[in-house]
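Everything below concerns the one structure shown next.
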Amino acid sequence: QLKLPHNPHLSHELVEAILGSSTSTLDSVDFSRCGDRRWSSCLKPARTRRRAAAQQSAASASTSSPSSSAAAAVAAAAAAADEAVALQREALMGVPRILAAHLVLRGWRRLRVLHLPSAPRLVTCNLSECIFLEEVTLCAGRLRSLQASRCPRLRLLRLCECKELEQLVLTQCPLLSEVSSSGGCGALAEVVLFGCRSLGAASLRALLSGT
């Protein structure tokens, strides 16, 4: 087992490396509430320095030649692009293959997209209270329980080959509009969708029918 809850210095890159290790023998992984605002402090100094340098260049260029102004504009655009890429990287977690059986990412504040295309040993997964989570793709043939409650921005949930899924809890996900289940979820015994007022009839019918 590996438990590192409430760790402000745990980055997405480290989580991906741990989960994606081909030699990992971890059965249970708990990274709950690790992606809060404090976690990104390691990125802030570099971004702040670049932004400050760009602003200083722009201020200097305002009193100098047109060529200097153009150079300052380019520097400012580059700094903005770097910051956008850094923020996007913070928001995306993708692991080609994980071997853990139990995964807890509850309360990751900056996680926007989770992509797990191959999780052959995963049995339980908890994504609840990821307040910026918008999209989840999960391919796990042995998955039995998935919890993603109180994810107010979650819009799309893709389940692939989750034929053994028995429990699906998605309470208070008001923007959730699509749940696709490629391969079917015929083993579902408990489905909790309280507060998922945007979920369409087609997705709901397909999910409940196991198709």
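List of remarks:
- Among the residues of region 111-133, the ones that are at pLDDT below 95 and surrounded by fewer than 20 Cβ atoms within 10 Å (Cβ to Cβ) come to 9 in all.
- Restricting attention to region 120-138, the residues being assigned to a loop (DSSP other than H, G, I, E, B) and more than 17 Å from Gln167 (Cα to Cα) number 7.
- Close pairs (6 angstrom Cβ cut-off, 6 or more residues apart or separate chains): modelled with pLDDT of 75 or more and open to solvent by less than 70 Å² (accessible area, probe 1.4 Å) in region 1-27, among the β-branched types (Val, Ile, Thr) and part of a loop (DSSP other than H, G, I, E, B) anywhere: Glu16/Val95; Leu19/Val95; Leu19/Ile98; Gly20/Val95
- Selection from region 148-161 of residues that are closer than 19 Å to His115 by Cβ and either assigned to a loop (DSSP other than H, G, I, E, B) or in contact with a Lys or Arg (Cβ under 8 Å, 6 or more places away or on another chain) (or both): Ala148, Cys151, Arg153, Leu154, Arg155, Glu161
- Residue match in region 162-178 (condition: more than 21 Å from Glu13 (Cβ to Cβ), assigned to a loop (DSSP other than H, G, I, E, B) and small (Gly, Ala, Ser)): yes
- Tally of residues being closer than 18 Å to Ala189 by Cβ and of a type in the set (Gly, Ala, Ser) across region 118-173: 5
- When Leu143 is tested against (1) crowded, with 20+ Cβ neighbours inside 10 Å; (2) within 17 Å of the chain's Cα centre (by Cα); (3) not in a strand (DSSP E or B), exactly one condition is not met: (2).
- On the stretch given as region 165-211, residues that are under 20 Å from Ala101 (Cα atoms), surrounded by 16 or more Cβ atoms within 10 Å (Cβ to Cβ) and in contact with a Lys or Arg (Cβ under 8 Å, 6 or more places away or on another chain) total 3.
The values are calculated or read from the model by the stated rules, or taken from the named source; none is laboratory data. Since the structure is predicted, the reported quantities are computational estimates derived from the model, not experimental observations. So basically every Cβ, Gly included, is an ideal-geometry build from the backbone, and we count neighbours across all protein chains shown. These area figures cover heavy atoms from the full protein model, side chains too; ligands, DNA and RNA do not enter into them. Shrake-Rupley method; radii C 1.70, N 1.55, O 1.52, S 1.80 Å.
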